[in-house]
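To keep things clear, I will list the structure first and then write my remarks on it.
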Amino acid sequence: MSGTSVEEIKKHVRTYILVFVALMALTIVTVAVSYLHLSVGWAIAVALFIATIKGSLVAGFFMHLISEKKLIYATLILTFVFFIALMILPTSGYLDKVVK
Amino acid sequence: MQIPYTVSLRPDTGLFNAKLGVWLFLASEVMLFGALFSSYVFLRVAAPEWPHGYDLLNVPLALLNTIVLISSSVTMVMSWASLMMKDFVKYKRYMGLTILCGLIFLVVKAFEYGEKFAVGITPADSTFMAIYFTLTGLHGLHVVGGIIVNTYFWGPGSKMWKREPERFTNRVEVAGLYWHFVDLVWIFLFPVLYLL
Amino acid sequence: MDHVVTAGHDVHAAAHHEEELGFWRKYVFSQDHKVIGIQYGVTALLFLFIGFSLMLMMRWQLAYPGQPLPSEGFILFPAAIGVITLLVGRFKPSLTTLVGVLFLGTAALVWYLVSDETLMPGGIMLPELYNSFGAMHGTIMVFLGVVPLAVGAFGNYIVPLQIGAPDMAFPKLNMASYWCYFAGGVIMLVSFFLPGGAANSGWTSYAPLSVTATVGQTYWLLGMVMLITSSLLGSVNFIVTIIQLRTNGLTFFRLPFFVWAQFVTSFLLLLAFPPLEAAGIMQLMDRLAGTSFFMPSGLVVSGQILDISGGGSPLLWQHLFWFLAHPEVYVLILPALGIVAEIIANNTRKPIWGYRALVYSVIFLGFMSFIVWAHHMFLTGMGTVISAFFQTTTMIISIPSVIILTALFLSLWGGSIRFNTPMLFALAFLPMFGIGGLTGLPLGLAPTNIHLHDTYYVIGHFHYVVAPGTIFALFAGIYYWFPKLTGRTMNETLGKIHFWGSFVCMNFIFMPMFIQGLAGVSRRLYDGGEQYAHAQGVLYLNEVMSVAAWVLAIFQVFFIINLFRSMKRGKETSDNPWSATTLEWATPTPPPHGNFTKIPEVYRSPYEYSVQGHSSDFTPQFEPEKA
């Protein structure tokens, strides 16, 4: 980011404040939803959906992932694939019970 | 010969060394926390019953901590932006706030733990409490690490600004990437442990 | 520093700077990748020796169960090597002398272990000690021996040279990486002196056995956390170095295959190790904080139901452990393949056959290695659906392995082969690794795995991959790159004795294991199977294997003498004694701080041997095209 001008940074700063407001709002929403005591399935879906949006905001704007170099994207995609494997495969051992 | 691309960008990758380095480090951190989240799912799916986090844990305190940590992320990115605008005084202020937020987070966390221990709740109580203490404890250690790094760049490390301003800005950016990641982990920890 | 003109000035500055560094900064807390590489190498070789010594004692128990151990022999062997090394070094303050003292230390460790009456009453090894030796043999060989030697030593020393870099990208992290490894090693060694001895739940540390084990297991976990930190720091450093510090003209498809192998290896270490770290933290919690991550409800130990909350799963540990430990297998193999490729190209005097196929295979191999782990767990009752998935991926991963081995075999075709010591080790690697790989196929299929699981067949299989496989490749690498480190070659006669002795002994140790395994002898039996009817027909093999192991140990003395003797008295050589093409041979010998006298430029692919119309039979990467 060494070539970025002061003007551009000022624009960035406005974005950061907007993102901050959005994060706060989403935090309130996710807590509010938890008081509705939805069924477990829905609660997980909603909570993870909101958390993913918040996470994407942080990664996208604070960590500048929205305009990053290809190499970083490649590394993260690779990591994401293995992350998914790690999340899904161990638990898929319970599939036998579902199939039955 | 000097090691190249510590400050300048390598033309074909468009990156300086430390930025690639920290992203790789964060990739491994994703796998570290990923394994713990995966364990959480694995244990929860197998459990005959699983408690609601909000019945056992203090949601208002955690909400406060969420707000504190998100705020610290904003001040962190503002401290970097200040350096980009060559405003060292503002940098000091924002970085100071970031460190302060980190410390507040830890104090609140300590209260939360204390509250549990006071009524005799320990990690040994149940798998839920085990995963709660392990995940938040490990996250807390990451906060401690971040505070140490940030304090260094706020205090003695900031002397570099006079000699090599560009390199120092890079360092703060890289420290920021780590700090945002710690925030990111909490954003997932909070609903998973407290709200489900 | 883009200009060659200024580079000369920098070298001068660096050389001047180096003179100012004191002894500690230069040799102990050094940030130079070459010194760190040597530190890694020496430490790892010593750990290999310690791990090997444990096995030599276990083999006595297997061959002659219940008979008192001739402990003097096992103490005198490392002591004698220590004295020989000290004599070679003439007691002057040098690396040789230090290593000699450390060999004496090893002898003292063995002496301590065999003289403990609670573990060896009357010189007879108790099952607890046998288990502890088994667990520590595996841990030391894998995590403290082979990986630090293959990645820490060879990777550190060779990779920056082969890509034309002045050093690693982060020299301070590099130093931290070595000292984390060192601390991990010390913690593991200290655990031998604890009440109850070192960890004794196998190198896999399966729960719940490991959770209820003696305090040595806690040290094992702490040691592993240090080692994981070390390899994390190392792998970040390697990846950044290879991507960012390649010199001008060195595109990815001009990288020597060794660098490719290290590159993929680093990604495996980076992304596969953290889950084991997480699992280690959870096991520490289970042991210290009384949690039940890996402890099922209603667990009965010694007739009593354990007072724990329960609800955990032993299977979870296995998943997380093998999520690391299967990629770890490729961490053990890939650098070895890289070394063998370099040496084969150099000594056949022709390009590697199918360089691009090799590169694509090694990338695919690295990728697939993350999704085959549960083929270690077919007998856990984890489910048939997941079992089918992992059998399929296991069959797929054998394809790139076969491509790599085939390409290396075909590289020999029509070459005018130089049979020097490094080449002999590299050539022996091919069939040995082939045997190891092919015997793995029946283990990757659940129906045959049911019969072979946890028998000596498994031990034979993976030792063929790692011992006469990887370790031979590492020996080849030491003989091959020794002239670059010292400016002298190692003695060929001693080298050949070392090679032929090791080659014959290795096969006498590991081939009988397949026979025992097919007969159904379990790998964990402390008496070698004496009590089992089905093992009676193959019991005599225990003695064959043990004697072969002891003879193998004696042949390693030739290597140790050769290594230290050649440092001072080997034949002096030029900067490029093997007439090789890659960049590490463009540096002065030994390479100074900063490596190159001017920034090298790369003009061609790595293995341009015997190019038609060229005056010599090799065209180095760094030689400019003639106008």
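At a glance:
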quantity	calculated
Set C:THR489, C:THR448, C:THR439, C:THR493: member being touching a strand residue (DSSP E or B) at 6+ places or on another chain (Cβ under 7 Å) and surrounded by fewer than 23 Cβ atoms within 10 Å (Cβ to Cβ)	C:THR489
Identity of the residue in segment B:150-161, buried (at least 16 other Cβ atoms within 10 Å of the Cβ) and under 16 Å from B:LEU97 (Cα atoms), that ends up farthest from the chain's Cα centre (by Cα)	B:SER158
Residues (at the interface with chain B (Cβ under 7 Å from one of its Cβ atoms) and within 22 Å of B:TYR91 (Cβ to Cβ)) located in segment A:2-23	A:SER2, A:THR4, A:VAL6, A:ILE9, A:HIS12, A:VAL13, A:TYR16, A:PHE20
Qualifying positions in segment C:57-76 - crowded, with 19+ Cβ neighbours inside 10 Å and either touching a Lys or Arg at 6+ places or on another chain (Cβ under 8 Å) or part of a helix (DSSP H, G or I) (or both)	C:MET57, C:MET58, C:ARG59, C:TRP60, C:GLN61, C:LEU62, C:ALA63, C:PHE74, C:ILE75
Segments classed as helices (runs of 4 or more DSSP H), wholly inside segment B:112-194, with at least 2 members that are closer than 30 Å to A:ALA25 by Cβ and more than 13 Å from chain C (Cβ to nearest Cβ)	B:127-154, B:165-189
Residue within segment C:549-565 that is at pLDDT 90 or above, over 29 Å from the mean Cα position of the chain (by Cα) and buried (at least 16 other Cβ atoms within 10 Å of the Cβ) present	no
Conditions (1) in contact with a Gly (Cβ under 7 Å, 6 or more places away or on another chain); (2) surrounded by 24 or more Cβ atoms within 10 Å (Cβ to Cβ); (3) not in a loop (DSSP other than H, G, I, E, B); number of the one not met by C:PRO274	(1)
Any hit, segment A:38-45, residues being surrounded by 12 or more Cβ atoms within 10 Å (Cβ to Cβ), facing chain B (nearest Cβ under 7 Å) and in contact with a Phe, Trp or Tyr (Cβ under 9 Å, 6 or more places away or on another chain)	no
Lone qualifier among A:LEU48, A:LEU26, A:LEU76, A:LEU95 - being part of a helix (DSSP H, G or I) and either more than 8 Å from every other protein chain (Cβ to nearest Cβ) or loosely packed, with under 12 Cβ neighbours inside 10 Å (or both)	A:LEU26
Residues that are aromatic (Phe, Trp, Tyr) and either at the interface with chain A (Cβ under 10 Å from one of its Cβ atoms) or touching a residue at least 60 places away in the same chain (Cβ under 8 Å) (or both), drawn from segment B:81-110	B:PHE88, B:TYR91
Filter result for C:LEU209 (hydrophobic (A, V, I, L, M, F, W, C) and not in a helix (DSSP H, G or I))	yes
Residue satisfying condition, being within 29 Å of C:TRP578 (Cβ to Cβ), outside any helix (DSSP H, G or I) and among the hydroxyl-bearing types (Ser, Thr, Tyr), within set C:SER416, C:SER401	C:SER416
Failed criterion for C:GLY8 (all others in (1) modelled with pLDDT of 95 or more; (2) within 14 Å of another protein chain (Cβ to nearest Cβ); (3) in contact with a Ser or Thr (Cβ under 9 Å, 6 or more places away or on another chain) hold)	(1)
First in segment C:381-407 and within 19 Å of C:ALA446 (Cα to Cα) and touching a residue at least 12 places away in the same chain (Cβ under 8 Å), second anywhere and of a type in the set (Gly, Ala, Ser) and crowded, with 19+ Cβ neighbours inside 10 Å, Cβ under 6 Å, 6 or more apart	C:MET382/A:GLY93; C:ILE386/A:GLY93; C:PHE390/C:ALA374; C:THR394/C:GLY444
Count of residues meeting criterion [within 16 Å of the chain's Cα centre (by Cα) and either more than 7 Å from every other protein chain (Cβ to nearest Cβ) or under 23 Å from C:PHE378 (Cβ atoms) (or both)] in segment A:79-92	4
C:THR581, sole failed condition from (1) part of a helix (DSSP H, G or I); (2) crowded, with 16+ Cβ neighbours inside 10 Å	(1)
Residues (more than 10 Å from every other protein chain (Cβ to nearest Cβ) and either within 20 Å of C:THR406 (Cα to Cα) or assigned to a helix (DSSP H, G or I) (or both)) located in segment C:367-387	C:MET368, C:SER369, C:HIS375, C:HIS376, C:PHE378, C:LEU379
Among the residues listed as C:PHE263, C:PHE252, the single one being aromatic (Phe, Trp, Tyr) and away from chain B (no Cβ under 11 Å)	C:PHE263
In segment C:456-503, the residues that are of a type in the set (Val, Ile, Thr) and free of Cβ contacts under 8 Å to residues at least 60 places away in the same chain	C:THR493
Options C:GLY477, C:GLY520, C:GLY469, C:GLY528; residue that is crowded, with 24+ Cβ neighbours inside 10 Å, outside any helix (DSSP H, G or I) and not aliphatic (A, V, I, L, M)	C:GLY528
Flag for B:PRO165 being surrounded by fewer than 19 Cβ atoms within 10 Å (Cβ to Cβ) and under 26 Å from A:ILE72 (Cα atoms)	yes
Residue check, B:LYS90 of a type in the set (D, E, K, R), farther than 17 Å from A:VAL21 by Cα and outside any helix (DSSP H, G or I)	no
Filter result for C:VAL329 (farther than 25 Å from A:GLY93 by Cα and part of a helix (DSSP H, G or I))	no
Residue check, C:SER266 part of a loop (DSSP other than H, G, I, E, B), farther than 14 Å from B:ALA130 by Cα and in contact (Cβ under 8 Å) with a residue 12 or more places away in the chain	no
Filter result (assigned to a loop (DSSP other than H, G, I, E, B) and farther than 30 Å from B:SER8 by Cα) within segment C:169-204	C:LEU194, C:PRO195, C:GLY196, C:GLY197, C:ALA198, C:ALA199, C:ASN200, C:SER201, C:GLY202, C:TRP203, C:THR204
Residues within segment B:44-80 that are surrounded by 22 or more Cβ atoms within 10 Å (Cβ to Cβ) and either at the interface with chain C (Cβ under 10 Å from one of its Cβ atoms) or of a type in the set (Gly, Ala, Ser) (or both), tallied	4
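The values are calculated or read from the model by the stated rules, or taken from the named source; none is laboratory data. These numbers come from a predicted model, not from an experiment. For neighbour counting, all protein chains shown are included, and Cβ atoms are generated from backbone atoms with ideal geometry for every residue, glycine included.
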